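The values are calculated or read from the model by the stated rules, or taken from the named source; none is laboratory data. Quantities reported herein were computed from a predicted structural model and do not represent experimental measurements. When we count neighbours, we look across all protein chains shown, and the Cβ atoms used for this are built from the backbone with ideal geometry, even at glycine. Heavy atoms of the whole protein, side chains included, go into the accessibility calculation; ligands, DNA and RNA do not. Shrake-Rupley method; radii C 1.70, N 1.55, O 1.52, S 1.80 Å.
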Amino acid sequence: QVQLAESGGGLVQAGGSLRLSCVVFGRTFSFFHVGWFRQAPGKEREFVAAIGRNGDSTIYVDSVKGRFTISRDNAKNTAYLQMASLKPDDTALYYCAARPGVYAVLRDPREYNYWGQGTQVTVSS
């Protein structure tokens, strides 16, 4: 069974930075595309960023472009989301997700097979 575990969330002041980590257990990490999603109270789950098998293909939601960077280290079975210039609107529960990777990286959360439990990011004003 494939399992994912996120870590690195916390409470930061506006303008600060955090790096989230996602460790994948149970399968070879390099087979998967990895996505980061977030969900704030009362809102729909939102796509944030995704990365392909070899790390060359990355996509982002417009609101985080230039501030967030997704990366991966296949030797460590780990994906990362580096977040800078954080805003109160970034406050949410952040999820790591994975799917078997074929061709294009996808934005739709319904296309991802495996999910972590989430890590909370809270940005104060």
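Largest first, how would 119, 69 line up by accessible area (1.4 Å probe)?
69, 119
From the backbone phi of segment 45-56, what are the Karplus-calculated ³J(HN,Hα) couplings (6.51 cos²θ - 1.76 cosθ + 1.60, θ = phi - 60°) in whole Hz, Gly and Pro given as x?
Each residue's phi maps through the Karplus curve to give 5, 10, 5, 10, 7, 8, 9, x, 4, 9, x, 7 Hz.
Run a plain Debye calculation on segment 36-119 (Cα atoms as equal point scatterers, no solvent) and give log10 I(q)/I(0) at q = 0.19, 0.22 Å⁻¹, rounded to two decimals, same order as the q list.
Calculated log10 I(q)/I(0) at the listed q: -0.87, -1.18.
Tell me, what % of the accessible area of segment 1-111 is carbon and sulfur with a 1.4 angstrom probe? Working shown, then result.
On the way: 2820 of 5910 Å².
C and S atoms contribute 48 percent here.
What does the accessible area per residue of segment 58-100 come to in Å², with a 1.4 Å probe and no ligands, DNA or RNA counted? Don't jump to the answer; show the numbers that get you there.
On the way: 1890 Å² over 43 residues.
Here the residues of segment 58-100 average 44 Å² of exposed surface.
If you keep only loop residues by DSSP, which chymotrypsin sites (Phe, Trp or Tyr not before Pro) in segment 59-118 have at most 15 other Cβ atoms within 10 Å of their Cβ?
On the way: sites: 60, 68, 80, 94, 95, 103, 112, 114, 115; in loops: 103, 112.
Sites meeting the loop and neighbour criteria: 103.
Any idea what the relative contact order of segment 8-125 is, in percent, if you count C-alpha pairs under 8 Å spaced at least 6 apart?
Values: 265 pairs, mean separation 42.1, N = 118.
Contact order relative to length: 36 percent.
Any lysines with Cα under 24 Å of the residue 43 Cα? List them, leaving off those in the same chain fewer than 8 positions away.
65, 87
Sorted from largest to smallest, which semi-axis lengths in Å does the alpha carbon gyration tensor of segment 64-105 give for its equivalent ellipsoid, taking the root of 5 times each eigenvalue? If you can, show how the numbers build up before the last one.
Details: eigenvalues 104, 31, 25 Å².
Each semi-axis is √(5λ); the values are 23, 12, 11 Å.
Show me, for segment 21-31, the HN-Hα J-couplings you get by feeding each phi into the Karplus relation (A = 6.51, B = -1.76, C = 1.60, θ = phi - 60°), rounded to Hz, glycine and proline as x.
So the J values, rounded to whole Hz, are 10, 9, 9, 10, 10, x, 9, 5, 4, 5, 6.
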